[in-house]
Amino acid sequence: MAPSAPELRPRAPACSDSLGPAAEIKQQLQTSNFLVIMKLVVREFQASDRDAVCDLFSAGIKEHIGPCFYNAMSSRVHLLITTALCAAGFFLGSWPGALLLPGLWPSIVYYCCHELYAGYVRSRLESDMQDICGSFMSRAGDCFWVAEAEVEGRAQILGTVAVVEREEGAQRFGELFRMIISPSCRRMGLGLRLTQTVVDFCKDRGCSKVVLETSSTQTAAVALYQKVGFKKVLEHKQTTAGFWITHISQITVLQMEKYL
(Lines give C-alpha, C1' and ligand atoms only; values in the text may rest on other atoms or scores of the structure.)
Protein backbone atom coordinates (compact mmCIF):
# COMPACT_ATOMS: atom_id res chain seq x y z
CA MET A 1 0.00 0.00 0.00
CA ALA A 2 1.40 3.39 -0.89
CA PRO A 3 2.29 5.75 1.98
CA SER A 4 -0.40 8.25 2.93
CA ALA A 5 0.26 11.95 3.25
CA PRO A 6 2.42 12.83 6.27
CA GLU A 7 0.60 14.19 9.32
CA LEU A 8 2.35 16.76 11.49
CA ARG A 9 2.29 15.79 15.12
CA PRO A 10 4.21 17.05 18.17
CA ARG A 11 7.03 14.75 19.13
CA ALA A 12 7.81 13.59 22.62
CA PRO A 13 10.72 15.35 24.37
CA ALA A 14 13.99 13.94 23.11
CA CYS A 15 17.44 15.36 23.73
CA SER A 16 16.36 18.96 23.66
CA ASP A 17 13.22 20.99 24.41
CA SER A 18 12.55 21.89 20.76
CA LEU A 19 9.70 20.21 18.91
CA GLY A 20 9.95 18.97 15.36
CA PRO A 21 7.54 17.58 12.73
CA ALA A 22 6.77 13.87 12.57
CA ALA A 23 5.69 12.09 9.40
CA GLU A 24 3.10 9.32 9.54
CA ILE A 25 2.29 6.76 6.92
CA LYS A 26 -0.04 3.75 6.82
CA GLN A 27 0.85 0.60 5.01
CA GLN A 28 0.29 -3.12 5.06
CA LEU A 29 3.01 -5.46 6.27
CA GLN A 30 2.74 -9.08 5.23
CA THR A 31 4.06 -11.41 7.91
CA SER A 32 3.67 -15.20 7.70
CA ASN A 33 0.49 -15.72 5.69
CA PHE A 34 -1.57 -12.72 6.74
CA LEU A 35 -1.49 -8.94 6.52
CA VAL A 36 -0.90 -6.78 9.57
CA ILE A 37 -2.06 -3.18 9.29
CA MET A 38 0.37 -0.91 11.11
CA LYS A 39 0.73 2.78 11.72
CA LEU A 40 4.27 3.95 11.03
CA VAL A 41 5.55 7.22 12.47
CA VAL A 42 8.81 8.91 11.50
CA ARG A 43 9.92 10.97 14.49
CA GLU A 44 13.05 12.36 16.06
CA PHE A 45 15.24 10.12 18.19
CA GLN A 46 14.62 9.92 21.93
CA ALA A 47 17.20 8.83 24.49
CA SER A 48 15.06 5.80 25.37
CA ASP A 49 15.43 4.53 21.77
CA ARG A 50 19.18 3.96 22.02
CA ASP A 51 19.30 0.20 22.70
CA ALA A 52 16.78 -0.63 19.96
CA VAL A 53 18.51 1.70 17.50
CA CYS A 54 21.94 0.19 18.20
CA ASP A 55 20.61 -3.35 17.81
CA LEU A 56 19.02 -2.45 14.47
CA PHE A 57 22.21 -0.69 13.33
CA SER A 58 24.41 -3.67 14.27
CA ALA A 59 22.18 -6.23 12.54
CA GLY A 60 21.67 -4.03 9.47
CA ILE A 61 25.39 -3.53 8.88
CA LYS A 62 26.48 -7.10 9.62
CA GLU A 63 24.03 -8.57 7.14
CA HIS A 64 26.31 -7.28 4.36
CA ILE A 65 29.08 -9.71 5.39
CA GLY A 66 27.59 -12.62 3.40
CA PRO A 67 27.02 -10.70 0.14
CA CYS A 68 30.45 -9.11 0.47
CA PHE A 69 32.08 -12.57 0.78
CA TYR A 70 30.10 -13.91 -2.19
CA ASN A 71 31.07 -10.95 -4.37
CA ALA A 72 34.71 -11.19 -3.31
CA MET A 73 34.99 -14.94 -4.02
CA SER A 74 33.30 -14.41 -7.39
CA SER A 75 36.10 -12.10 -8.49
CA ARG A 76 38.69 -13.36 -10.95
CA VAL A 77 41.56 -12.68 -8.54
CA HIS A 78 40.21 -14.86 -5.74
CA LEU A 79 39.14 -17.61 -8.14
CA LEU A 80 42.66 -17.72 -9.58
CA ILE A 81 44.25 -17.82 -6.11
CA THR A 82 41.93 -20.64 -4.98
CA THR A 83 42.62 -22.61 -8.17
CA ALA A 84 46.38 -22.08 -7.80
CA LEU A 85 46.32 -23.38 -4.21
CA CYS A 86 44.38 -26.45 -5.35
CA ALA A 87 46.90 -27.09 -8.12
CA ALA A 88 49.80 -26.59 -5.69
CA GLY A 89 48.41 -29.23 -3.35
CA PHE A 90 47.84 -31.63 -6.24
CA PHE A 91 51.34 -31.24 -7.71
CA LEU A 92 52.86 -31.71 -4.29
CA GLY A 93 51.28 -35.15 -4.40
CA SER A 94 49.06 -34.52 -1.42
CA TRP A 95 45.33 -35.10 -1.80
CA PRO A 96 44.68 -33.65 1.66
CA GLY A 97 46.72 -30.62 0.62
CA ALA A 98 44.76 -30.30 -2.61
CA LEU A 99 41.58 -30.15 -0.54
CA LEU A 100 42.76 -28.09 2.44
CA LEU A 101 44.88 -25.45 0.69
CA PRO A 102 42.00 -24.10 -1.43
CA GLY A 103 39.91 -23.81 1.72
CA LEU A 104 42.52 -21.64 3.38
CA TRP A 105 42.10 -18.68 1.06
CA PRO A 106 38.28 -18.45 1.30
CA SER A 107 38.69 -18.49 5.08
CA ILE A 108 41.01 -15.50 4.87
CA VAL A 109 38.62 -13.70 2.51
CA TYR A 110 35.67 -14.35 4.83
CA TYR A 111 37.64 -13.03 7.81
CA CYS A 112 38.39 -9.83 5.90
CA CYS A 113 34.75 -9.37 4.86
CA HIS A 114 33.59 -10.03 8.42
CA GLU A 115 36.12 -7.66 9.93
CA LEU A 116 35.28 -4.94 7.42
CA TYR A 117 31.66 -4.71 8.58
CA ALA A 118 31.83 -6.06 12.14
CA GLY A 119 34.81 -3.80 12.86
CA TYR A 120 32.86 -0.83 11.52
CA VAL A 121 29.97 -1.66 13.86
CA ARG A 122 32.33 -1.90 16.85
CA SER A 123 33.97 1.42 16.08
CA ARG A 124 30.62 3.23 15.63
CA LEU A 125 29.07 1.75 18.78
CA GLU A 126 32.09 2.98 20.72
CA SER A 127 31.91 6.49 19.23
CA ASP A 128 28.97 8.40 17.73
CA MET A 129 26.34 5.70 18.36
CA GLN A 130 27.25 5.66 22.03
CA ASP A 131 26.04 9.24 22.34
CA ILE A 132 23.47 9.71 19.58
CA CYS A 133 22.12 12.90 21.12
CA GLY A 134 25.54 14.52 21.29
CA SER A 135 26.65 13.26 17.88
CA PHE A 136 23.54 13.85 15.80
CA MET A 137 21.21 16.21 17.68
CA SER A 138 23.34 18.81 19.42
CA ARG A 139 23.11 21.41 16.63
CA ALA A 140 20.19 22.89 14.72
CA GLY A 141 21.49 21.49 11.41
CA ASP A 142 21.83 17.91 12.70
CA CYS A 143 19.07 15.38 13.32
CA PHE A 144 18.47 11.66 13.89
CA TRP A 145 15.11 10.10 13.00
CA VAL A 146 13.56 6.73 13.78
CA ALA A 147 10.64 4.99 12.08
CA GLU A 148 8.45 3.44 14.75
CA ALA A 149 5.44 1.18 14.36
CA GLU A 150 3.19 -0.85 16.60
CA VAL A 151 3.64 -4.50 15.67
CA GLU A 152 1.53 -7.10 17.50
CA GLY A 153 0.69 -4.56 20.17
CA ARG A 154 4.29 -3.51 20.83
CA ALA A 155 6.14 -0.42 19.57
CA GLN A 156 9.15 -1.34 17.44
CA ILE A 157 11.79 0.74 15.70
CA LEU A 158 11.97 -0.41 12.08
CA GLY A 159 14.25 2.17 10.50
CA THR A 160 16.70 5.00 11.18
CA VAL A 161 18.42 7.82 9.33
CA ALA A 162 20.54 10.79 10.38
CA VAL A 163 21.98 13.96 8.88
CA VAL A 164 24.90 16.17 9.92
CA GLU A 165 25.31 19.66 8.49
CA ARG A 166 28.72 20.49 7.01
CA GLU A 167 30.34 23.67 5.76
CA GLU A 168 32.90 23.92 2.97
CA GLY A 169 33.84 27.48 2.29
CA ALA A 170 30.63 29.40 1.65
CA GLN A 171 28.75 26.18 0.86
CA ARG A 172 26.54 24.46 3.43
CA PHE A 173 25.40 20.89 2.83
CA GLY A 174 24.02 17.90 4.70
CA GLU A 175 25.66 14.48 5.02
CA LEU A 176 23.34 11.49 5.35
CA PHE A 177 24.25 8.75 7.83
CA ARG A 178 22.83 5.64 9.52
CA MET A 179 20.25 4.63 6.93
CA ILE A 180 19.03 1.29 8.27
CA ILE A 181 15.78 -0.46 7.39
CA SER A 182 14.45 -3.55 9.16
CA PRO A 183 14.11 -6.56 6.80
CA SER A 184 10.38 -6.70 7.61
CA CYS A 185 9.85 -3.24 6.09
CA ARG A 186 11.94 -3.38 2.94
CA ARG A 187 10.50 -2.80 -0.54
CA MET A 188 7.61 -0.94 1.06
CA GLY A 189 8.76 2.65 0.57
CA LEU A 190 10.23 3.24 4.03
CA GLY A 191 13.76 3.80 2.72
CA LEU A 192 12.40 6.30 0.22
CA ARG A 193 10.47 8.07 2.98
CA LEU A 194 13.49 8.33 5.29
CA THR A 195 15.74 9.56 2.49
CA GLN A 196 13.18 12.19 1.54
CA THR A 197 12.97 13.24 5.20
CA VAL A 198 16.67 14.12 5.08
CA VAL A 199 16.35 15.89 1.72
CA ASP A 200 13.41 17.99 2.93
CA PHE A 201 15.19 18.84 6.18
CA CYS A 202 18.28 20.03 4.28
CA LYS A 203 16.15 22.07 1.87
CA ASP A 204 14.48 23.83 4.80
CA ARG A 205 17.93 24.55 6.23
CA GLY A 206 19.04 26.16 2.97
CA CYS A 207 21.67 23.53 2.17
CA SER A 208 22.93 23.31 -1.39
CA LYS A 209 23.12 19.50 -1.53
CA VAL A 210 23.03 16.21 0.39
CA VAL A 211 26.02 13.85 0.26
CA LEU A 212 26.52 10.28 1.48
CA GLU A 213 28.80 7.28 1.30
CA THR A 214 27.79 3.65 0.81
CA SER A 215 29.55 0.48 -0.34
CA SER A 216 29.45 -1.39 -3.63
CA THR A 217 27.98 -4.40 -1.79
CA GLN A 218 24.86 -2.43 -0.85
CA THR A 219 23.25 -2.53 -4.29
CA ALA A 220 19.70 -2.02 -2.98
CA ALA A 221 20.78 1.15 -1.14
CA VAL A 222 22.53 2.48 -4.24
CA ALA A 223 19.38 1.87 -6.32
CA LEU A 224 17.27 3.67 -3.70
CA TYR A 225 19.52 6.72 -3.64
CA GLN A 226 19.59 6.90 -7.43
CA LYS A 227 15.79 6.75 -7.47
CA VAL A 228 15.70 9.81 -5.21
CA GLY A 229 18.12 11.64 -7.51
CA PHE A 230 21.57 10.97 -6.03
CA LYS A 231 24.45 10.51 -8.46
CA LYS A 232 27.81 8.79 -8.01
CA VAL A 233 30.62 11.32 -7.91
CA LEU A 234 33.60 9.32 -6.63
CA GLU A 235 34.78 5.78 -5.89
CA HIS A 236 37.60 4.91 -3.50
CA LYS A 237 38.88 2.13 -1.22
CA GLN A 238 39.66 4.09 1.94
CA THR A 239 37.93 2.50 4.93
CA THR A 240 38.56 2.26 8.67
CA ALA A 241 39.41 -1.45 8.24
CA GLY A 242 42.85 -0.95 6.68
CA PHE A 243 44.39 -1.49 3.26
CA TRP A 244 44.61 -5.29 3.04
CA ILE A 245 41.20 -6.03 4.56
CA THR A 246 39.56 -3.57 2.18
CA HIS A 247 41.33 -4.87 -0.92
CA ILE A 248 40.89 -8.57 -0.13
CA SER A 249 37.19 -7.89 0.50
CA GLN A 250 37.00 -6.35 -3.00
CA ILE A 251 34.90 -3.51 -1.59
CA THR A 252 34.54 -0.07 -3.13
CA VAL A 253 33.24 2.98 -1.28
CA LEU A 254 30.83 5.06 -3.35
CA GLN A 255 30.36 8.77 -2.76
CA MET A 256 27.00 10.09 -3.92
CA GLU A 257 25.35 13.52 -3.87
CA LYS A 258 22.09 15.21 -4.74
CA TYR A 259 21.86 18.94 -5.42
CA LEU A 260 18.83 20.64 -3.94
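Ordered by residue, what ³J(HN,Hα) values in Hz, to whole numbers, does region 153-169 give under the Karplus form 6.51 cos²θ - 1.76 cosθ + 1.60, where θ = phi - 60° and Gly and Pro are x?
x, 10, 5, 10, 8, 10, x, 9, 7, 9, 9, 10, 7, 10, 10, 9, x
Run the numbers for K231 and Q171: contour at 0.36 nm per residue of separation, minus the present Cα-Cα distance, in nm.
19.7 nm
State the Cα centre-to-centre distance between region 36-83 and region 99-163 in whole Å.
Their Cα centres are 7 Å away from one another.
State the answer as a single residue: which of V228, F177, S208 lies farthest towards the positive end of the charge dipole of region 154-255, with beta carbon charges of +1 for Lys and Arg and -1 for Asp and Glu, about the Cα centre.
The residue sitting farthest along the positive end of the dipole is V228.
Taking a cut-off of 17 Å between Cα atoms, list the lysines near K203, but don't count ones fewer than 8 places away on the same chain.
K258
At 1.4 Å probe size, what's the solvent-accessible area of L254? Round to the nearest 10 Å².
10 Å²
Compute the FRET efficiency between V253 and S184 as 1/(1 + (r/R0)^6), taking r as their Cβ-Cβ distance and R0 = 22 Å, and round to the nearest 0.05. Please list the in-between numbers first.
Details: r = 28 Å, r/R0 = 1.27.
Computed FRET efficiency for V253 and S184: 0.20.
Explain nothing, just compute: Karplus ³J(HN,Hα) = 6.51 cos²θ - 1.76 cosθ + 1.60, θ = phi - 60°, for every residue of region 217-231 in order, whole Hz, x for Gly and Pro.
5, 8, 5, 5, 5, 4, 5, 4, 5, 5, 5, 7, x, 6, 10
Using θ = phi - 60° and the Karplus curve 6.51 cos²θ - 1.76 cosθ + 1.60, what whole-Hz ³J(HN,Hα) does each residue of region 44-50 get, with Gly and Pro shown as x?
The phi angles translate into 6, 4, 10, 4, 6, 7, 4 Hz.
Provide the net charge surrounding V121, with neighbours chosen by a C-beta distance below 14 Å and charges set as Lys +1, Arg +1, Asp -1, Glu -1.
Taking every Cβ under 14 Å from that of V121, the sum is -1.
The values are calculated or read from the model by the stated rules, or taken from the named source; none is laboratory data. The structure displayed is predicted, hence computed values, not measured ones. Heads up, the Cβs are rebuilt from the backbone with ideal geometry, glycines too, and the neighbour counts pull from every protein chain shown. Calculation scope for accessible area: heavy atoms of the full protein, side chains included, ligands and nucleic acids excluded. Shrake-Rupley method; radii C 1.70, N 1.55, O 1.52, S 1.80 Å.
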